[in-house]
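Visitor: Take this structure first; my questions come after.
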Amino acid sequence: MKIAVVGTGYVGLVAGSCFAETGNTVSCVDIDAQKIARLNDGQIPIYEPGLEPLVKRNREEGRLTFTTDLATAVRASDVVFIAVGTPAGEDGSADLQYVLAAARNVGKAANGPKIIVDKSTVPVGTAAKVKAAAQAETKHKITLVSNPEFLKEGNAVNDFLKPDRVVIGCDDAKAVEVMKRLYGPFIRTGNPIIVMDVISAELTKYAANAMLATRISFMNEVAQICERVGGDVNKVREGIATDTRIGHSFLFPGVGYGGSCFPKDSKAIVATAREFGYRFKVMEAVEAVNDEQKRHLFRRLDQLWKGAFKGKAVGIWGLAFKPRTDDIREAPALVLIDMLVEAGCKVKAFDPAAVEATRKVVGDKVELTKHMYDAIEGVDALLVVTEWNEFRNPDFERLKTLMRQPTILDGRNLYDSADLRAQGFTYIGIGVP
Ligand SMILES: NC(=O)c1ccc[n+]([C@@H]2O[C@H](COP(=O)([O-])OP(=O)(O)OC[C@H]3O[C@@H](n4cnc5c(N)ncnc54)[C@H](O)[C@@H]3O)[C@@H](O)[C@H]2O)c1
């Protein structure tokens, strides 16, 4: 099949490469000329495990190309995926300007019937707007499919090649067949393609992210209670996760969720509900809890130091909103950095992938180091913010020698509190005694 993917970000680049991998001819389009130039130069603009060899192989075999020329890509394709960003607008609702601009451009370029597949996360009712925007520009038939994406950054290629499920919202039988042919190679182990109406498909994506965000905020509140009553959230987690009705995923307390999806999608589903005359109370609380949680490590430090931040130095391990990505959108580390700098601290920070992305946002406000141990030299406390594997078993003797004060605030509960205290550290975890 011949495919165009409009928007070559985390989703578009992964989707395009994976469709090329199964033999389709894919043209990835972006308005960011610099990004396209880098891709044509063999560079991958994002950090995503497994993506580089996939892009390289499919480019070399001529199945994957990158361009800013949307019209040519659309004319050469039967199916056009839209995977542009849908950031949160000022009132929390999704900003659809990029999706609608892409749809209009696809309509303008159409030289025959086209299937437009909306892969961006968009609120209920957007598919109809996208179809109308494209159809207004062409006489050729536009068929709209809603196909929300569930990949996780850090495991995106694997998730795309082996999805738990594929959701297709469409009422056109022919387009559904086309989608089944496209996704067939990825679901050979029997995972389902779930076909539904467009509105339900659009809502499914938000409901999935809202549920996951809810689990995180729920456990962060359980951790808050543990800290007050002297319980151990790790034990509570084990105790509930073994209930098969609850399960193990997304029950780890931490520094709050970030990233490009949970924060904006939680806000957007609240905004959609409001628009349709309903107050989504649970999600309002989930968001409020998360905002608090992002500040939690600072508050613990404030208690420990009794507000005496001036002249202190703090090291941060982990800037990306989660491991195995360089994505710092809405990352809790950025909130902590702002609070620490504002309070008069010197901040040093390290991340295995996100240092360059962070530099663009924080400039020289923070000393960004090349190695993890450089970030703790002479500091009065270490904040562990992202659970990269390399932070799990550090050389604690070396930490003690390098740090001015051996204090660790472990935002991901990576370490054993008793063990660290026995080694002479002041240790503060999340919801652990
Ligand atoms: N990142 C994730 O983990 C993830 C997972 C599932 C769904 N989603 C959803 O997928 C969508 C894309 O997310 P992302 O993280 O890939 O975004 P991104 O910001 O990484 O990439 C979007 C790309 O679209 C390009 N673009 C914008 N307008 C364009 C236009 N008119 N024509 C061509 N290109 C255009 C931008 O230059 C950018 O490169 C969002 O709706 C997001 O919510 C993201």
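Visitor: Is it true that some residue in the range 283-303 is free of Cβ contacts under 8 Å to residues at least 12 places away in the same chain and under 28 Å from Val124 (Cα atoms)?
Guide: Within the range 283-303, one or more residues are free of Cβ contacts under 8 Å to residues at least 12 places away in the same chain and under 28 Å from Val124 (Cα atoms).
Visitor: Also: Got a number for residues in the range 1-37 being open to solvent by 10 Å² or more (accessible area, probe 1.4 Å) and more than 11 Å from the ligand (Cβ to nearest atom)?
Guide: Adding up the residues that qualify gives 9.
Visitor: Being of a type in the set (A, V, I, L, M, F, W, C) and over 21 Å from the mean Cα position of the chain (by Cα) is the filter; apply it to the range 40-76 and report the residue that is nearest to the ligand (Cβ to nearest atom).
Guide: We begin by selecting, within the range 40-76, every residue of a type in the set (A, V, I, L, M, F, W, C); these are 44, 46, 51, 54-55, 64, 66, 70-71, 73-74, 76.
Keeping just the survivors that are over 21 Å from the mean Cα position of the chain (by Cα) gives 64, 66, 70-71, 73-74, 76.
Values: Leu64: 16, Phe66: 11, Leu70: 6, Ala71: 11, Ala73: 10, Val74: 11, Ala76: 16 Å.
Among residues in the range 40-76 that are of a type in the set (A, V, I, L, M, F, W, C) and over 21 Å from the mean Cα position of the chain (by Cα), the one nearest to the ligand (Cβ to nearest atom) is Leu70.
Visitor: From the set of residues in the range 107-144 that are in a loop (DSSP other than H, G, I, E, B) and touching a residue at least 60 places away in the same chain (Cβ under 8 Å), which is farthest from the chain's Cα centre (by Cα)?
Guide: Within the range 107-144, the subset in a loop (DSSP other than H, G, I, E, B) is 110-113, 119-125, 136-141.
Right, trim to touching a residue at least 60 places away in the same chain (Cβ under 8 Å) and you get 119-125.
Numbers: Lys119: 15, Ser120: 13, Thr121: 12, Val122: 15, Pro123: 18, Val124: 21, Gly125: 23 Å.
Across the range 107-144, the extreme among qualifying residues is Gly125.
Visitor: Can you tell me which of (1) within 16 Å of the ligand (Cβ to nearest atom); (2) farther than 16 Å from Pro123 by Cβ is the one Phe262 doesn't meet?
Guide: (2)
Visitor: Separate question: Exactly one condition in (1) farther than 22 Å from Asn158 by Cα; (2) in contact (Cβ under 8 Å) with a residue 24 or more places away in the chain is false for Ser27; which is it?
Guide: Here Ser27 clears every test but (1).
Visitor: Would you check if there is a residue in the range 327-339 being assigned to a helix (DSSP H, G or I) and free of Cβ contacts under 8 Å to residues at least 24 places away in the same chain?
Guide: First, pick out the residues of the range 327-339 that are assigned to a helix (DSSP H, G or I): 332-339.
Checking which are free of Cβ contacts under 8 Å to residues at least 24 places away in the same chain leaves us with 338.
Taking every residue of the range 327-339 in turn, at least one turns out to be assigned to a helix (DSSP H, G or I) and free of Cβ contacts under 8 Å to residues at least 24 places away in the same chain.
Visitor: Still on this structure, I have one more. Restricting attention to the range 231-247, report how many residues are under 22 Å from Ser417 (Cα atoms) and not in a helix (DSSP H, G or I).
Guide: Our first condition is that a residue be under 22 Å from Ser417 (Cα atoms); within the range 231-247, this holds for 231-241.
Next, only the ones that are not in a helix (DSSP H, G or I) stay: 231-232.
Number of matching residues: 2.
Visitor: Could you tell me whether any residue of the range 338-345 is open to solvent by less than 50 Å² (accessible area, probe 1.4 Å) and closer than 30 Å to Lys152 by Cβ?
Guide: If we filter the range 338-345 for residues that are open to solvent by less than 50 Å² (accessible area, probe 1.4 Å), which is where we start, we get 339-341, 343-345.
When the remaining residues are screened for being closer than 30 Å to Lys152 by Cβ, the result is 339-340.
For the range 338-345, residues open to solvent by less than 50 Å² (accessible area, probe 1.4 Å) and closer than 30 Å to Lys152 by Cβ: present.
Visitor: Further question on the same structure: Out of Val195, Val229, Val222, report the one residue that is at negative phi and in contact (Cβ under 8 Å) with a residue 60 or more places away in the chain.
Guide: Step by step, each of Val195, Val229, Val222 is checked, and only Val222 is at negative phi and in contact (Cβ under 8 Å) with a residue 60 or more places away in the chain.
Yes/no per residue for (1) open to solvent by 10 Å² or more (accessible area, probe 1.4 Å); (2) on the phi > 0 side of the Ramachandran plot; (3) modelled with pLDDT of 95 or more; (4) more than 15 Å from the ligand (Cβ to nearest atom):
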position	(1), (2), (3), (4)
Gly92	no, yes, no, no
Val99	no, no, yes, no
Ala102	no, no, yes, no
Ile115	yes, no, yes, yes
Pro123	yes, no, no, no
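Visitor: Sticking with this one: Return the residues of the range 158-215 that are more than 16 Å from the ligand (Cβ to nearest atom) and acidic (Asp, Glu); say none if nothing qualifies.
Guide: Asp171, Asp172, Glu177, Asp197
Visitor: Residues that are of a type in the set (A, V, I, L, M, F, W, C), open to solvent by 10 Å² or more (accessible area, probe 1.4 Å) and farther than 23 Å from Tyr206 by Cβ: which helices (runs of 4 or more DSSP H) entirely in the range 258-309 hold 1 or more of them? Give the derivation first.
Guide: Details: elements: 262-275, 281-294, 296-305.
The helices (runs of 4 or more DSSP H) meeting that bar are 296-305.
Visitor: Continuing with the same structure: Go through the range 64-90 and give me each residue that's out of contact with any Asp or Glu (no Cβ under 9 Å at 6 or more places or on another chain), farther than 23 Å from Ser260 by Cβ and open to solvent by 10 Å² or more (accessible area, probe 1.4 Å).
Guide: Thr65, Asp69, Ala71, Thr72, Arg75, Ala76, Asp78 - these are the residues of the range 64-90 that are out of contact with any Asp or Glu (no Cβ under 9 Å at 6 or more places or on another chain), farther than 23 Å from Ser260 by Cβ and open to solvent by 10 Å² or more (accessible area, probe 1.4 Å).
Visitor: A further question on this structure: Tell me which residues, restricted to the range 388-398, are within 18 Å of Gly318 (Cβ to Cβ), surrounded by fewer than 20 Cβ atoms within 10 Å (Cβ to Cβ) and not basic (Lys, Arg).
Guide: Asn389, Glu390, Asn393, Pro394, Asp395, Phe396
Visitor: Out of (1) among the small types (Gly, Ala, Ser); (2) within 16 Å of the ligand (Cβ to nearest atom); (3) surrounded by fewer than 18 Cβ atoms within 10 Å (Cβ to Cβ), the odd one out for Ser146 is which?
Guide: Every condition holds for Ser146 apart from (3).
Visitor: Are any residues in the range 25-44 within 18 Å of Asp78 (Cβ to Cβ) and touching a helix residue (DSSP H, G or I) at 6+ places or on another chain (Cβ under 7 Å), and if so, which ones?
Guide: Looking only at the range 25-44, we keep the residues that are within 18 Å of Asp78 (Cβ to Cβ), and these are 25-29.
Result: Val26, Ser27, Cys28, Val29.
Visitor: Out of the residues in the range 156-195 that are β-branched (Val, Ile, Thr) and closer than 18 Å to Val11 by Cβ, which is surrounded by the most Cβ atoms within 10 Å (Cβ to Cβ)? Don't jump to the end; show me each part of the working.
Guide: Residues of the range 156-195 that are β-branched (Val, Ile, Thr), as a first pass: 157, 166-168, 176, 178, 187, 189, 193-195.
Narrowing further to those that are closer than 18 Å to Val11 by Cβ: 157, 166-168.
On the way: Val157: 21, Val166: 21, Val167: 21, Ile168: 23.
So, considering only residues that are β-branched (Val, Ile, Thr) and closer than 18 Å to Val11 by Cβ, the one surrounded by the most Cβ atoms within 10 Å (Cβ to Cβ) is Ile168.
Visitor: Please list, ordered by first then second residue, the pairs with beta carbon atoms under 6 Å, 6 or more apart or interchain, first in the range 34-45 and within 12 Å of Lys56 (Cβ to Cβ), second among the aromatic types (Phe, Trp, Tyr) and within 13 Å of the ligand (Cβ to nearest atom).
Guide: If the second residue must be among the aromatic types (Phe, Trp, Tyr) and within 13 Å of the ligand (Cβ to nearest atom), the pairs left are Leu39/Phe66.
The values are calculated or read from the model by the stated rules, or taken from the named source; none is laboratory data. It should be emphasised that the depicted structure is a prediction, and the values quoted were computed from it without experimental measurement. Quick reminder, even Gly has a Cβ in these numbers, built from the backbone with ideal geometry, and neighbours come from all protein chains shown. These area figures cover heavy atoms from the full protein model, side chains too; ligands, DNA and RNA do not enter into them. Shrake-Rupley method; radii C 1.70, N 1.55, O 1.52, S 1.80 Å.
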